[in-house]
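Notes follow once the structure below has been shown.
Read-outs throughout are calculated quantities, based only on the coordinates presented, and are distinct from any laboratory measurement. What you are looking at is a predicted structure, and each value in this text was computed from that prediction instead of being measured. Every residue, glycine among them, receives a Cβ derived from its backbone with ideal geometry; neighbour counts consider all protein chains shown.
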Amino acid sequence: VPSQRALYDRVVCDSDIERSFAAALDAREDVRFFTKLPTRFKVRTPVGDYNPDWAVVADREEQDGTRERLYLVRETKGTTDLQSLRPDERHKVECGAKHFELLGVDFRVVKDVSELLP
């Protein structure tokens, strides 16, 4: 996917969902930067290594006119119902969520870019 806001001028994606997500991220004015996390980026979990999909830096305008910088990690799936995932995949995502929570990084499983911001 060609990109103006990613680390490189093209983003390599693993699925149609990721391609749509990358294109939509690139089109958003509030997204300052995003990257598809490389496969070597691993979060160690008790059920195996977990590789989240995206790191995103975005700005959100607050009601009082100030802007807040957001640092986000997003996992793109065809569903946000984790119970519908394979058990091993679900457990890795759940452990990844706990990992990022402890770091104070907003993590979320999303289907599309409309679910990007907290």
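Scattering from the C-alpha atoms of region 40-118 alone, worked out with Debye: what is log10 I(q)/I(0) at q = 0.12, 0.20, 0.24 1/Å? Here the Debye-derived log intensity ratios amount to -0.37, -0.90, -1.18.
Between 0 and 90 degrees, the angle of helix 87-103 with respect to the longest Cα principal axis of the chain falls at about 50 degrees. Beta-bridge orientation, region 1-64: approximately 90 percent antiparallel, per DSSP, counting only bridges with both partners inside. Looking at region 54-113, the GluC sites (Glu not before Pro) that sit in a DSSP loop and have at most 15 other Cβ atoms within 10 Å of their own Cβ are GLU62. Along the Cα-to-Cβ line of ASP88, 7 Å from the Cα, sits a label point; which residues in region 42-79 have backbone N less than 17 Å from it? The answer is 43-52. Restricting region 1-83 to trypsin sites (Lys or Arg not before Pro) that sit in a DSSP loop and have at most 11 other Cβ atoms within 10 Å of their own Cβ leaves ARG40, ARG44. Net charge dipole, the chain: roughly 460 debye, given to the nearest 20, about the Cα centre with Cβ charges of +1 for Lys and Arg and -1 for Asp and Glu. Helical content alone sets the calculated 222 nm signal of the chain at -8000 deg cm²/dmol, taking -39,500 (n - 2.57) per DSSP H segment of four or more residues and averaging over every residue. Region 8-55 and region 57-115 have Cα centres spaced 12 Å apart. Here the 3J(HN,Hα) profile of region 41-46, calculated from phi with Karplus coefficients 6.51, -1.76 and 1.60 at θ = phi - 60°, is 7, 10, 9, 6, 10, x Hz, Gly and Pro shown as x.
How far is helix 16-27 tilted, in degrees, relative to the longest principal axis of the Cα atoms in the chain, given as a value from 0 to 90 rounded to the nearest 10? Roughly 20 degrees, rounded to the nearest 10. Look at the alpha carbon pairs under 8 Å that are at least 6 residues apart: their mean separation over the length of region 1-73 gives a relative contact order of 23 percent.
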